[in-house]
Amino acid sequence: MNALYRQLYEKLRSDIEEHRIAVGDRLPPEAELVETHQVSTITIKRALDLLRTDGFIVRRPRLGTFVISDVQTAGFAEQPAGGARPLIGFVITNFDDTFGTKIIGGAMDEAQDRAALVINRTLGDQSAEDRVIRALVDSGAKAIILEPSSSEFVPPVVLELITRSFPLVIIDRLLDGVPVSTVASDNVAGARQATEHLIKLGHRRIGLITSAGPVSTLDERRQGFLLANATASVDHDERNEFRGVESTRPFSSTPIEDDLDALTEFVAARRDLTGFVVSEFNIALMLREACRRLDLEIPRHRSVVCFDHPDLFFDRAAFRFTHVRQDQDALGRRCVEQALAQLDDPGAIGKHTLPTTLVPGDSTRKLRTRKPA
């Protein structure tokens, strides 16, 4: 007999697939589920984790857990065109409270009463990307929103859809030479903002730390970083860049400890660096730990600016990094808007670049006129 959490997972999944719980509905709080199903909290958590992994639900901070997909999408293709909402597939590499969850929330809000949104994640697996998109199209999807796992490799199904003028929107990536709609943040400007903030605080030896992912987002952030240094006539040495963090990439098997060791070695070897621009929040957390291992405090000894940051609404004592905030809600909304526009006019290819905002936090301070620790 299946374990309790598996039984509960299968019951909730059945309720979702049979539409007893509808897409867009909020699930009851965990305490209520415990009472209703007479199981432990850990059983509830494990069942919900399975539902989340399989793409049925998503947790939205302060709001609760929502159903985002019923998986059974074939029926949409058979509905009469006059009154049916078009089915839009949303394929994302991964998502969490730092980046992705709010994009999904914005897309869901924009799709309300206008489209049926089915969300899948690929965890960076390119073959899964191709399979998921084909399955969505076969199931009746009329448009696809895609966050590709790579800017260097275009899935074959994407090229096929483009030749058919199928409504397709690429989010958070640029695909050079491919005639397709895109929605992305202004990553060049965001990285320039981050670097200029450190320069204004007196920092002239600034490092760049990113993951090793083959995506245009990272290249654009490096461009903005270099541009800010050049504009301010600040010399830059490529040895001040660490672009090899692996553990934060979707589907990575690299232990976090390996990246922590590498970051610690990098910071120790570049003790002249007083500030860092970091491509994402989780890498900033690792950098903070690497500095701690070297008895360096942020921001007392080193200043850090990263991209994105979880809200942490209820943790008033939490350490907050100075960060570049992307308008993730608008990214999700604009993707759905663009997909719907192409349903009306397949030739309406749009390129949308959304501004970013620099949010001051606890991780930066004015550089004192003394040698770095």
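Among the residues of segment 133-151, write down those that are of a type in the set (A, V, I, L, M, F, W, C), over 14 Å from Val336 (Cβ atoms) and touching a Pro at 6+ places or on another chain (Cβ under 9 Å). Steps first, please.
Of the residues in segment 133-151, the ones of a type in the set (A, V, I, L, M, F, W, C) are 133, 135-137, 141, 143-146.
Within this subset, residues satisfying the condition of being over 14 Å from Val336 (Cβ atoms) are 133, 135-137.
Result: Ile133, single match.
Looking at segment 206-308, the strands (runs of 3 or more DSSP E) lying wholly inside it that each contain 2 or more residues that are out of contact with any Phe, Trp or Tyr (no Cβ under 8 Å at 6 or more places or on another chain) and either within 30 Å of Thr53 (Cβ to Cβ) or of a type in the set (Gly, Ala, Ser) (or both) sit at 241-245. Within segment 218-265, restricting attention to residues that are open to solvent by 30 Å² or more (accessible area, probe 1.4 Å) and aromatic (Phe, Trp, Tyr), the residue that is modelled with the lowest pLDDT is Phe251. Restricting the first member to segment 111-132 and to residues that are of a type in the set (Gly, Ala, Ser), and the second to residues that are at pLDDT 90 or above and assigned to a helix (DSSP H, G or I), the beta-carbon pairs closer than 8 Å and six or more apart or on different chains are Ala111/Val336; Ala115/Val336; Ala115/Ala339; Ala115/Leu340. All of Asp315, Asp329, Asp311 fail the test of being surrounded by fewer than 24 Cβ atoms within 10 Å (Cβ to Cβ), assigned to a loop (DSSP other than H, G, I, E, B), in contact (Cβ under 8 Å) with a residue 40 or more places away in the chain and of a type in the set (Asp, Glu), apart from Asp311.
For segment 184-212, the tally of residues that are under 18 Å from the mean Cα position of the chain (by Cα) and open to solvent by 20 Å² or more (accessible area, probe 1.4 Å) stands at 3.
In the condition set (1) surrounded by fewer than 20 Cβ atoms within 10 Å (Cβ to Cβ); (2) in contact with a His (Cβ under 7 Å, 6 or more places away or on another chain); (3) among the hydrophobic types (A, V, I, L, M, F, W, C), Cys306 is compliant with all but (1). Checking each residue in segment 16-33 for being in a helix (DSSP H, G or I) and either of a type in the set (Phe, Trp, Tyr) or surrounded by fewer than 16 Cβ atoms within 10 Å (Cβ to Cβ) (or both) picks out Glu17, Glu30, Ala31, Glu32.
Filtered by the rule that a residue be more than 24 Å from Ser247 (Cβ to Cβ) and open to solvent by 30 Å² or more (accessible area, probe 1.4 Å), segment 87-107 gives no residues. How about segment 42-71: which of its residues are open to solvent by less than 70 Å² (accessible area, probe 1.4 Å) and part of a helix (DSSP H, G or I)? Answer for segment 42-71, where residues must be open to solvent by less than 70 Å² (accessible area, probe 1.4 Å) and part of a helix (DSSP H, G or I): Thr43, Ile44, Ala47, Leu48, Leu50, Leu51, Arg52. In summary, Ile170 fulfils each of the numbered conditions (1) assigned to a strand (DSSP E or B); (2) surrounded by fewer than 18 Cβ atoms within 10 Å (Cβ to Cβ); (3) of a type outside the set (D, E, K, R) with the single exception of condition (2). Reported count of residues in segment 115-142, each being open to solvent by 20 Å² or more (accessible area, probe 1.4 Å), assigned to a loop (DSSP other than H, G, I, E, B) and either closer than 21 Å to Phe251 by Cα or at pLDDT below 90 (or both), is 4.
The values are calculated or read from the model by the stated rules, or taken from the named source; none is laboratory data. Model, not experiment: these values are computed from the prediction. Note that each Cβ is placed from the backbone with ideal geometry, even for glycine, and that neighbours are counted across all protein chains shown. Areas reflect the complete protein model, heavy atoms only, side chains present, ligands, DNA and RNA absent. Shrake-Rupley method; radii C 1.70, N 1.55, O 1.52, S 1.80 Å.
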